[in-house]
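Scroll down for the structure; my scribbles are underneath it.
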Amino acid sequence: HSPGVQPADLEEIVQKDVKTVVIGRGMSEALQVPTSTVDYLKKNGIDVLVLQTEKAVAEYNALAAQGVKVGGVFHSTC
């Protein structure tokens, strides 16, 4: 859970030219998402949403249904 989702973990998603990334922090929101990770995405022109996993999945599905080019990272084990 720590250090959590790092910028290097998202390189492949960034290369896919997505417009938004949804990050799920787990059911109990234990997974850390450092400011450096959020800043990395924003620096690459990508909107980022950090949510509890169930909410993250719902948001990802809603964005995808709207045709948004969206990527997701979901931590579902806790």
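Each value in this text was obtained by applying a stated rule to the coordinates, not by laboratory testing. Treat the numbers as computed from the prediction; the structure is a model and nothing was measured. Every residue, glycine as well, gets a Cβ built from its backbone with ideal geometry; the counts of neighbours run over all protein chains shown.
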| query | About its Cα centre, how strong a charge dipole does the chain have in debye, to the nearest 20, once Lys and Arg get +1 and Asp and Glu get -1 at the Cβ? | reply | 140 debye
| request: Once you have the Cα-Cα distance between Lys19 and Ser2, take 0.36 nm times their residue separation minus that, and quote the gain in nm to one decimal. | output: 3.5 nm
